[in-house]
Structures are given as structure tokens and as C-alpha cells.
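The values are calculated or read from the model by the stated rules, or taken from the named source; none is laboratory data. Bear in mind that the values here come from a model prediction, so they are computed numbers and not experimental data. Here the Cβ is made from the backbone with ideal geometry for all residues, glycine too, and neighbour counts use every protein chain on show.
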Amino acid sequence: MSSLNQLIHFYLSQGLNVIPVPSGAKEPTIKWKEYQERKATGYEVERWFPDDYKGNVAVVLGRTSGNLCDIDCDSQELLEILSKALPDTMIVKSYRGGHIYIRTDYEIHKFTLDLGRYGKLEVLGQGQIGILPPSLHPKGITYEFISQKSVRHWSGDFRHELTEWLQQLLTVKVRRQPINIEKILVGVTEGERDVSAIQLATWYRKQGLNKDEVLDKLHEWNKLNKPPLPDNIIEVKVDSAFRPETPYNYTFIESRKKEKIFSAGKDLGDIVFEQVGEEYIVINKTTQEITRCKKVEAKETFIPFDKIPWKPVTDVQPYDDIWSEVKQYLYEHIDIASGYDILTAWVLSTWIPERWDAVPYLFFYGPAGSGKTWALEVLASISFRPFMSASTTLPVIFRACDLWHPTLFLDETEVYLRKERSEIMHLLNAGYRKGFPATRIEETEEGLKVRIFDCFGFKALAGTRAFVDTLKSRCIIFTMSKATREIKTKIDSNKAEELRKKLLMYRFRMLTEKQPLEESVIVLTGRLRELFLPLVTVATAEAKGSIMNEAKKIEEITKEEEQVSDEATVFRAIISAHEENLGATKISIERITQIVNEGLSYDEIFSNFNVGRIASRLGFKRAIHDKRRCIVWNENLVERLKKRWSVEEGQQQF
């Protein structure tokens, strides 16, 4: 039999977080709640387990032991069956049954499976402990190893795969709870994120999306989680969902399919129409004939507009050079240093929202009296279905976006950011890309209900405070100041009405074209490409170059800001600290912090705590080494992050 010291050494080598328990008991000697969140230090372990120690040894299950869980077999028969089927992991014999230890991709919380004639099987996890050899059971039986092998790692959705495996092994039917996909779509909390990510990725996979498309959707969904998972973990979860040849056979709960209902004005494939009072202006795509009628025949049900906040376009009017007319109108009303081609392209793009998978927001930023609100009013006067947010509550904005799919103009954004920050951020983060609904919790007679809103569409914003990075990256920003030349201070309503008639004709023509719009070749990548694609696509040949120049300026500024971000700064410090000791597998957070703070003023310095959090956000795992907090060196992660920040060897010095 191994000595206590040998067993403690074995447990620590397995990454187990061990704590003391009185002999013959199952409740720890110490107050152990904090050890559910942190590993015991080497000093603490030495103090708890001296050479003459006579008590029990317990392992803290869950995240501090590497997402360790305990399959608790309550009968000798079940333990023997599962031990033979799972011999390659740590297995402990106890009174009547025993414990099979497994590590998973995510932390497990206690759950129970009904195995029919074999009884109920408990799986223990986060917030619980397991008793290890050479401990004494309250019934006088000593815990012994059946298998003293390294703990097995179980990849994928552990609960689902365990259930499937037990059904096949024991030839029993195990009841599974269906998955509420709508609950997952609104974002989940810590402890639910990992498995929810695999389940959501599987749901998208079953809808026919490929792996790259699913990855994009999960990155967007991840922003709704509190807190979000690191990007590299999301990639791991998508890999897990696509690892089986066929998707996991989950049962999903979804809303019952309702009759398809849409608001008036939709492109129906053979016709395009717009509502004018109680009549409709309709263009037949085949004949190009434009008519007015009292009723539109459609296979799907649409709801005519009752009261709308914008003045309807009363007719269509031919045009020769709509680009020049819109640009001249904007120039006469708005004074900006540059960007008239961007504004012109943005207005034209708003009239064909059906053509885009992602749309850019405009953000007019500056002090009071700098022309921000005026810019919104001018753009609203000629944009498609303009909806100004002045004196409008957030619930109304959600419903307006879902019902009318307008071009939203949101003024004084700092008011919303102060009072309803999380919800307005949710609306804006979800609304720039098609297929990502926004959600709200609403009180109904039946209790709290989740409402899903389609908020996709063009949006122009104005405010005196800068946005957070996640929203800033969706915006083309105009820094405003008082006009330096004479401009119109009142909307030219006659010209605006004339332009809107021509723009409705532009909409009809663009949606009637038999050939799709030719997407311009853009050398931009990522989100910047998404934002500028609609603008460059609708622009004239001469304007394309101007818009691309502005886009490249934004790209350069974004790259520069990325290079000096907290994440980039900490990553370069990690590289420098590692180069000081190339063979090390663990790097002191204290040393990383020292490198980060070199040359910084007192007001700028980072704490060890902040550096540790940023390193975790980058994907590095934290550990304890020589009684000091460290991160674990990960070569694959480092190579990936080097590409992100274009870090070459020898370039990371501060």
C-alpha cells in the first residue's frame, strides 16, 4: 500500500485540489468554500497533511481540479460494470459501491440519471467533494483504488455522451431533458456557457450551417453571455459539436411555428411594393410595370401599416444620376471634413436592406452644438423608413425595429447608456448582422416571458460619449464640430420629397434587377469588410476609391489601437517573461506585471489581479507554482496570438 505522502504526491501530480477531512467523516476540517474557487497552495497542503496525519483526504470537484467530476456508483454491480468499461481512469472503491473520476471540457454541476433496474446514478461536480484513499468511510470501510491511473479527459458534451454510453452499455432507456434553445439564445451565465455552446453549435449544424458559419454565429452569441468565454474556447466548443460524424441527437424545444406574417413593403420575389396610406405602389419584376392598387395578393400574410412615424413616399419618379443628387443634398445641409461619399452610399444602401447580410452604423460624436442631431435629421429626411428616437422609450424602439424594419436614428445615446445600458447594447450589438435576434424579458399575465425581436437594419447614432469597443467596431465614426461654411439650417422639404420619390424608384430598380448587385472586390478583412461592403457596392466607380481610402484609414487606426490594447500589452509581457526562462512551463504573474509596468506612471500601472484576469481572457490557464500565482505556457495559443498582434521574436520589448 502506498504511504500517505506518496498518495498526496500522486494527487497533486494529477492536478487535484486536495483538502483535509476528519477520519471516518465526509465534511472537511477547514472552511473550504474558497477552495472551490482557488487551489490550495503547496504550503497549505504540507501543513494539512504532515507525516503523522491520521485523517481523511478529499478532492474538491469542479474547476479548481480541472473540471473534475465524480460518477458515484451506489452498488457493487454497477461499479463493476462501469469499471470494466472505463478502466483507463482513476477509480476508487467505497462502501457498497465506488467512484469513477472523469475530467470534462466544462464544469459539471450535480445531476442524476435514472438507470432503471440499476437504480439512480449521481454525477457530482462543482461545489462538492470526493473522498480519496487512504480515507476511512463512516461505516469503517477503507477507500481503496480499483484503478490508480491518470484521470481521463472526456471531450464533448459529457452529460449527453455519458447518457448515450450508459444506454448502450446497460441496455436501459435513460430519460433526457429536452434543450430549450430559446433560453440559450438570450445568453447564459458562468457554469452553463460551455455545454450551451456545444448545444447551440449542434442546433446550427442541424440547420445546415457549415463549421465556419456556426463559428461566426457563436462568436456573436458569446457576447450575450455573462461573462463571455474566451474566443479560443468558443472554437473548441464548435470543434466538439462537429467532432461526431452525425450531430448529437439532442431534442430541442423551439417555439411553435406560426403563420408567416410580415409588415407591408416586403420584396416578395415577383413584386416589390410600398404602402402609401391605404394604397400600395407595386412594381412587377417581370414586366417592370408600376401600378397603384388597394390590395396586394401575397401567399404570406402581411400586416398593413396603421400608424407609422415617417411620412410615406407618395409616388415614384425617374432619375438620371441619383448619386450626385443625394451627395449634393447632403453637402448643402451638413458640414464635415470628409466622408460625403460614405454618407451618400449609406443613404442609398438603406433603401435596399434586403440585399445585405451586415450593415454599418454611423456615429456622430462631439460636444453640444457640434451638429450631431442635425446630421441625423438630414439623413432621416431622405433615408428609407426613417424612425427618429427622440422622446421614445426603449421598448418602443425594440417593437418598431421588429415590426417596421426602419432606418433607426438614435440621438443622445449617452442617456440610454446611462439608464438602460445592457438593453441598448443588446439591441445595437444584435442588429447590425442579419439572423441575430435581440431578446428581452417581458412581464405578461402568465409571468416573465422571453420576447425575440428582429432588430436588423441601418442605424445612425449621435452622442457626446464614446462607445465601448464592441459597438465602436460596428460604427463609422464622424467627429463633429461647428460648421465652418454656410449650410442650410432648415430641411429643404420639397427637395427631400423629390429625392425620396427617386430613391423609391431606385429601390424598385435595384430589387428588380435580374442580375444580383456585383459585390466589389474589397481588400479589407473581418468586420471592416462587412461594414463597407454595402457602401462600396452601391457607390459609383469614382466614389469607390474615396470610400476605400476612408476604410483603410479606419483599418490603420484600429490596428494601432489593437497594438496598444491591454490584451496586446500583457501578451507581449508574457513573451518577454518566457524568454527569460525558455524552458519554463509556468510563468509568474508577478513577473509579467513587473514587465508590463516598466516605464508606466503611477496612475497607469497594472495590478497582479488585473494582469491575471487579462491573461485568462487571452486563454492562458492559471496555476500555483512555488506558492506563487502563475499562468501555464501554451505554445499553440501563443503562436495564434502572435499572428493576431503580428508579434515576431524580439519585437515584444517595451
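Specify which of the listed residues (Leu215, Leu229, Leu224, Leu209) is assigned to a helix (DSSP H, G or I) and hydrophobic (A, V, I, L, M, F, W, C). Write out each step before concluding.
Working: Leu229 fails: assigned to a helix (DSSP H, G or I); Leu224 fails: assigned to a helix (DSSP H, G or I); Leu209 fails: assigned to a helix (DSSP H, G or I).
None of the other options fit; the residue is Leu215.
Just one of Ala337, Ala375, Ala345 is on the phi < 0 side of the Ramachandran plot, among the aliphatic types (A, V, I, L, M) and in a loop (DSSP other than H, G, I, E, B); which is it? Please lay out each step first, then the result.
Working: Ala375 fails: in a loop (DSSP other than H, G, I, E, B); Ala345 fails: in a loop (DSSP other than H, G, I, E, B).
Among Ala337, Ala375, Ala345, only Ala337 is on the phi < 0 side of the Ramachandran plot, among the aliphatic types (A, V, I, L, M) and in a loop (DSSP other than H, G, I, E, B).
If you take the residues in the range 91-104 that are of a type in the set (Lys, Arg) and in a strand (DSSP E or B), which one is farthest from Ala241 (Cα to Cα)? Explain how you work it out, then say what you get.
Applying the first criterion (of a type in the set (Lys, Arg)) to the range 91-104 yields 93, 96, 103.
With the extra rule that they be in a strand (DSSP E or B), the set shrinks to 93, 103.
On the way: Lys93: 34, Arg103: 18 Å.
Out of the qualifying residues, it is Lys93.
Determine the pairs where a residue that is touching a residue at least 12 places away in the same chain (Cβ under 8 Å) and surrounded by fewer than 16 Cβ atoms within 10 Å (Cβ to Cβ), located within the range 74-99, has a partner that is of a type in the set (Val, Ile, Thr) and not in a strand (DSSP E or B) with Cβ atoms under 6 Å apart, the partner being 6 or more residues away or on another chain.
Close Cβ pairs satisfying both conditions: Tyr95/Ile141.
Yes or no: Val378 in contact with a His (Cβ under 6 Å, 6 or more places away or on another chain), among the aliphatic types (A, V, I, L, M) and either closer than 24 Å to Ala543 by Cα or modelled with pLDDT of 90 or more (or both)? Working first, answer last.
Working: in contact with a His (Cβ under 6 Å, 6 or more places away or on another chain): yes; among the aliphatic types (A, V, I, L, M): yes; either closer than 24 Å to Ala543 by Cα or modelled with pLDDT of 90 or more (or both): yes.
Spelling it out, Val378 is indeed in contact with a His (Cβ under 6 Å, 6 or more places away or on another chain), among the aliphatic types (A, V, I, L, M) and either closer than 24 Å to Ala543 by Cα or modelled with pLDDT of 90 or more (or both).
Anything in the range 21-48 that is more than 40 Å from the chain's Cα centre (by Cα) and either under 21 Å from Tyr101 (Cβ atoms) or in a loop (DSSP other than H, G, I, E, B) (or both)? List them, or say none.
In the first step, residues of the range 21-48 are kept if they are more than 40 Å from the chain's Cα centre (by Cα); the result is 21-26, 29, 46-48.
Listed by number, the residues that qualify are Val21, Pro22, Ser23, Gly24, Ala25, Lys26, Thr29, Trp48.
Cβ-Cβ below 7 Å, separation at least six or inter-chain, first residue in the range 620-639 and free of Cβ contacts under 8 Å to residues at least 24 places away in the same chain, second among the β-branched types (Val, Ile, Thr): which pairs?
Going by the 7 Å Cβ cut-off, the qualifying pairs are Lys621/Ile631; Lys621/Val632.
Somewhere in the range 198-221, is a residue without any contact (Cβ under 8 Å) to a residue 60 or more places away in the chain, hydroxyl-bearing (Ser, Thr, Tyr) and surrounded by 15 or more Cβ atoms within 10 Å (Cβ to Cβ)?
Yes; the residues of the range 198-221 include at least one that is without any contact (Cβ under 8 Å) to a residue 60 or more places away in the chain, hydroxyl-bearing (Ser, Thr, Tyr) and surrounded by 15 or more Cβ atoms within 10 Å (Cβ to Cβ).
Here is a list: Phe363, Phe387, Phe409. Which entry is among the aromatic types (Phe, Trp, Tyr), buried (at least 21 other Cβ atoms within 10 Å of the Cβ) and over 27 Å from Val272 (Cα atoms)? Write out each step before concluding.
Details: Phe387 fails: over 27 Å from Val272 (Cα atoms); Phe409 fails: over 27 Å from Val272 (Cα atoms).
Just one listed residue meets the conditions, Phe363.
Among the listed residues Arg38, Arg103, Arg47, identify the single one that is buried (at least 18 other Cβ atoms within 10 Å of the Cβ) and under 30 Å from Cys630 (Cα atoms). Lay out the reasoning, then the answer.
Numbers: Arg38 fails: buried (at least 18 other Cβ atoms within 10 Å of the Cβ); Arg47 fails: buried (at least 18 other Cβ atoms within 10 Å of the Cβ).
Testing whether each residue is buried (at least 18 other Cβ atoms within 10 Å of the Cβ) and under 30 Å from Cys630 (Cα atoms) leaves just Arg103.
Read through the list (1) under 16 Å from Ala460 (Cα atoms); (2) at pLDDT 90 or above, then give the number of the only condition that Glu414 fails.
Going through the list (1) under 16 Å from Ala460 (Cα atoms); (2) at pLDDT 90 or above, Glu414 breaks only (2).
How about the range 105-150: which of its residues are hydrophobic (A, V, I, L, M, F, W, C), closer than 30 Å to Val238 by Cβ and part of a loop (DSSP other than H, G, I, E, B)?
The first filter runs over the range 105-150 and keeps only residues hydrophobic (A, V, I, L, M, F, W, C), leaving 108, 111, 113, 115, 121, 123-124, 129, 131-132, 136, 141, 145-146.
Checking which are closer than 30 Å to Val238 by Cβ leaves us with 108, 111, 113, 121, 123-124.
Residue satisfying the conditions is Ile108 alone.
Quick grid of which residues meet (1) closer than 18 Å to Leu410 by Cα; (2) at pLDDT 95 or above; (3) in contact with a Pro (Cβ under 6 Å, 6 or more places away or on another chain):
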site	(1), (2), (3)
Trp323	no, yes, no
Tyr329	no, yes, no
Gly339	no, no, no
Ala345	no, yes, no
Thr350	yes, yes, no
Phe364	yes, no, no
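Check the range 65-77 and report whether any residue there is acidic (Asp, Glu) and part of a strand (DSSP E or B).
Pass one, the range 65-77, residues acidic (Asp, Glu): 70, 72, 74, 77.
If we keep only those that are part of a strand (DSSP E or B) as well, we get 70, 72.
Taking every residue of the range 65-77 in turn, at least one turns out to be acidic (Asp, Glu) and part of a strand (DSSP E or B).
What residue, among those in the range 167-184 that are in a helix (DSSP H, G or I) and aliphatic (A, V, I, L, M), is surrounded by the fewest Cβ atoms within 10 Å (Cβ to Cβ)?
If we filter the range 167-184 for residues that are in a helix (DSSP H, G or I), which is where we start, we get 167-170, 181-184.
Add one more test, that the residue is aliphatic (A, V, I, L, M), and what stays is 169-170, 181, 184.
Details: Leu169: 14, Leu170: 18, Ile181: 18, Ile184: 21.
Ranking the qualifying residues of the range 167-184, first place goes to Leu169.
Does Leu348 qualify as being out of contact with any strand residue (DSSP E or B) (no Cβ under 7 Å at 6 or more places or on another chain), in the same structural domain as Ala551 (by TED's automatic domain parsing), free of Cβ contacts under 8 Å to residues at least 60 places away in the same chain and under 25 Å from Asp492 (Cβ atoms)?
no
Limited to the range 569-612, what total is found for residues that are outside any helix (DSSP H, G or I) and of a type outside the set (D, E, K, R)?
Restricting attention to the range 569-612, the residues satisfying the condition of being outside any helix (DSSP H, G or I) are 580-588, 598-601, 605-607.
From the residues that got through so far, the ones that are of a type outside the set (D, E, K, R) too are 581-585, 587-588, 599-601, 605-607.
Of the residues in that region, 13 qualify.
Quick check, is Lys472 modelled with pLDDT of 85 or more and surrounded by 14 or more Cβ atoms within 10 Å (Cβ to Cβ)?
On the way: modelled with pLDDT of 85 or more: no; surrounded by 14 or more Cβ atoms within 10 Å (Cβ to Cβ): yes.
For Lys472, the condition - modelled with pLDDT of 85 or more and surrounded by 14 or more Cβ atoms within 10 Å (Cβ to Cβ) - is not met.
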